[in-house]
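The values are calculated or read from the model by the stated rules, or taken from the named source; none is laboratory data. Being a predicted model, the structure only gives us computed values, none of them experimental. All Cβ positions, even for glycine, are placed from backbone atoms using ideal geometry, and neighbour counts span all protein chains on display.
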Amino acid sequence: MDDTIFLLVKVTIATTHRNVHEAITELQQQSTCTIRNTRKVRVKKTEFMDYKLKF
């Protein structure tokens, strides 16, 4: 069975950015994440979802 799941990641940061949203964008663009297969689950694709702000 194929399905899509969402895993949340909690990250505590200290930043010199004036705006926390700039720090979030930087982390999204420069971070990597490894989600491995298990005996019963095969990971087909992993991606960071874009953090979009409404101005």
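Count of region 33-53 residues, restricted to those that are farther than 17 Å from Ile5 by Cα and either outside any loop (DSSP other than H, G, I, E, B) or at pLDDT below 90 (or both), is 3.
Among the conditions (1) hydrophobic (A, V, I, L, M, F, W, C); (2) surrounded by 10 or more Cβ atoms within 10 Å (Cβ to Cβ); (3) in contact (Cβ under 8 Å) with a residue 12 or more places away in the chain, Val43 misses just one, which is (3). Checked against the criteria, Asp2 counts as touching a residue at least 40 places away in the same chain (Cβ under 8 Å), assigned to a loop (DSSP other than H, G, I, E, B) and of a type in the set (Asp, Glu).
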